[in-house]
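The structure appears right after this line, and notes come after that.
The values are calculated or read from the model by the stated rules, or taken from the named source; none is laboratory data. All values reported here derive from a predicted model rather than from experimental measurement. Glycine also receives a Cβ, built like all others from the backbone with ideal geometry; neighbour counts cover every protein chain displayed. All accessible areas refer to the heavy atoms of the entire protein, side chains included, with ligands and DNA or RNA removed. Shrake-Rupley method; radii C 1.70, N 1.55, O 1.52, S 1.80 Å.
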Amino acid sequence: MEKDQSGKDDASSAKNQRAAESSSRAHQSNSARNHGNSNGGTTVSAMIANSASQANLNSSAAASSGPSISAEREFERQESSISLASITLSDRSGSTNSLSVPIIPVTSAPNTSQAFAGQGNAPYNWQASKPAVKERLAYIMNTEIMSDIQFRVGKPPNTQLIPAHKFLLCVGSAVFDAQFNSQMATKESVIEIPDVEPAAFLALLKFLYHDEVNIGPETVMTTLYTAKKYAVPALEKACVEFLKRNLSSDNAFMLLTQARLFDEPQLAALCLESIDKSTSEALNAEGFTDIDHETLCVVLERDTLGIRESKLCTAVFRWSEAECRRRNQHPTPENQRLALGRALRLIRFPLMSIEEFAMGPAQSGILEDKEIVELFLYFTVNPKPATHFQDVPRCCLTGKEQVVSRFCQIESRWGYSGTSDRIRFMVNRRIFVVGFGLYGSIHGATEYQVNIQGPDSYYGSKGLRKVTHESVSGGKVTFQFHYAAGNNNGTSVEDGQVPEIIFYT
């Protein structure tokens, strides 16, 4: 029994000695790592243990020579985790300090439904459901997830706070790169952008984050402005292509103004071509009276407008009324003349007939008396005196519309089999064909489609092979009609459709 007891004491003594040596080595190692000073300063070394024996080991280490450390710990074993409630520190002078430190369980994984710091409201492991980079970037766009900058976009009270990521902005825009990375980089955490619409800025972000072009008729112009502001040429091109595809006579003037404002010469040229082809429709669209004065002058300087000068003058005078209202002025003739400025000189009054001038501009009050006298002399005197207004024809449409008829008699009825009615003709001088006549339906008033598909109609007979027309502007025009080879639904020189040719000389 004594031997056994002695053996146990020896074993216990050896165990304590090994623990003390281990503790001493740990203390020396911690002292070396923490650079404890030799003047009695406090050195702290804290170890979190997962068992009572490790806690006892640390207690033994605390009892070694040098600065003394005593710790009161509360352990909670839950899924092999520990909570450290407090640590009490004491130095050789006897002073003590208490430090409370919460410890997060080391083995507890965050729940997938929990949000975590720096990730906004994103669930844990949201990346797993977005296999493509494009999808992941789309997910974090306009969110707080890892965002490091914010923009306050729009004018009050319609502003919107939009979070973003500097890295992605700089990768896609030289303007953003300079704003955040140059020597003059901004230090602001919220950047004000009052001149950009929130919808347009979000369209820019969608393009920068994941190459998505999100534009429509209502946002394309503001998006084009934003793309130019931040130097994103690919988005600019997408906006211009969208405008080209949707260009029509109804919006040609509005788009022309914007194209000139944003320095898009190709788009501006397309708008002007559309206006040339459908001048009357473009002038009657709502956007015409909203254009700026300089754009109006650009249009009036063109020689290719397909409209009578009297109708063009009427439209320009209508623009001057709208301009007076924009200036908060009554649309009196005097104010209209001031609003027109040099645009008045670009109206080609000499191209009008004397009747058109007398019934319209001469009675408008916009022209001065001496200008009216000058123009009346131009219309009535030969040789014609010089005027302050241009007399270069637009689209060569001068004088009155003229009509040549090729049938002597009208018959009924003419059927349509789905093929075209065609006729050929030649003239002895240059003319400009602007239309042709049609026979009406034998069933009464009806509508014709653009491709002239209609109901059974009248038709002409006893057709003339040669017709000489006396031009009102002087000279004769001789038409010679010929049979058009191929399937022409029966129309020929003698019978059929296309009874009239409408033209200018």
Checked pairs for segment 113-139, first farther than 17 Å from residue 167 by Cβ and at pLDDT below 85, second among the aliphatic types (A, V, I, L, M) and not in a loop (DSSP other than H, G, I, E, B), C-beta under 9 Å and 6 or more apart or across chains, list as 122/140
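Condition check ((1) farther than 21 Å from residue 221 by Cα; (2) open to solvent by 60 Å² or more (accessible area, probe 1.4 Å); (3) of a type in the set (Lys, Arg); (4) out of contact with any Phe, Trp or Tyr (no Cβ under 9 Å at 6 or more places or on another chain)) across all residues:
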residue	(1), (2), (3), (4)
266	no, yes, no, yes
273	no, yes, no, yes
278	yes, no, no, yes
281	yes, yes, no, yes
290	no, yes, no, no
296	no, no, no, no
Criterion first (farther than 22 Å from residue 136 by Cα and open to solvent by less than 10 Å² (accessible area, probe 1.4 Å)) does residue 222 satisfy it? no
Listed residues 192, 212; which is surrounded by fewer than 18 Cβ atoms within 10 Å (Cβ to Cβ), in contact with a strand residue (DSSP E or B) (Cβ under 6 Å, 6 or more places away or on another chain) and not in a helix (DSSP H, G or I)? 192
Residue in segment 302-333 that is farthest from residue 366 (Cα to Cα), counting only those that are modelled with pLDDT under 95 and open to solvent by 70 Å² or more (accessible area, probe 1.4 Å): 303
Restricting to segment 337-349, count the residues that are within 25 Å of residue 379 (Cα to Cα) and either part of a loop (DSSP other than H, G, I, E, B) or open to solvent by 10 Å² or more (accessible area, probe 1.4 Å) (or both). 7
How many residues are modelled with pLDDT under 90 and in a strand (DSSP E or B) if we restrict to segment 460-481? 4
Residue selected from segment 485-505 under the condition modelled with pLDDT of 85 or more and among the aliphatic types (A, V, I, L, M), by the criterion surrounded by the fewest Cβ atoms within 10 Å (Cβ to Cβ): 493
Taking the residues in segment 149-166 that are of a type in the set (D, E, K, R) and in contact with a strand residue (DSSP E or B) (Cβ under 8 Å, 6 or more places away or on another chain) as candidates, determine which candidate is least open to solvent (accessible area, probe 1.4 Å). 166
Before we move on, is residue 181 surrounded by fewer than 16 Cβ atoms within 10 Å (Cβ to Cβ) and in contact with a Cys (Cβ under 7 Å, 6 or more places away or on another chain)? yes
Pairs returned, first residue in segment 349-366 that is over 16 Å from residue 318 (Cβ atoms), second residue that is of a type in the set (A, V, I, L, M) and open to solvent by 10 Å² or more (accessible area, probe 1.4 Å), beta-carbon separation under 7 angstrom, 6 or more apart or interchain, are 362/372
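To keep it simple, each residue is scored yes or no on (1) in contact with a helix residue (DSSP H, G or I) (Cβ under 8 Å, 6 or more places away or on another chain); (2) within 29 Å of residue 243 (Cβ to Cβ).
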position	(1), (2)
157	no, no
160	yes, yes
164	yes, yes
189	no, no
202	no, yes
216	no, yes
219	yes, yes
225	yes, yes
Kindly list the number of the only condition in (1) touching a helix residue (DSSP H, G or I) at 6+ places or on another chain (Cβ under 6 Å); (2) more than 24 Å from residue 340 (Cβ to Cβ); (3) at pLDDT below 90 that fails for residue 236. (3)
Which residues, taken from segment 154-189, are β-branched (Val, Ile, Thr) and assigned to a loop (DSSP other than H, G, I, E, B)? 159, 186
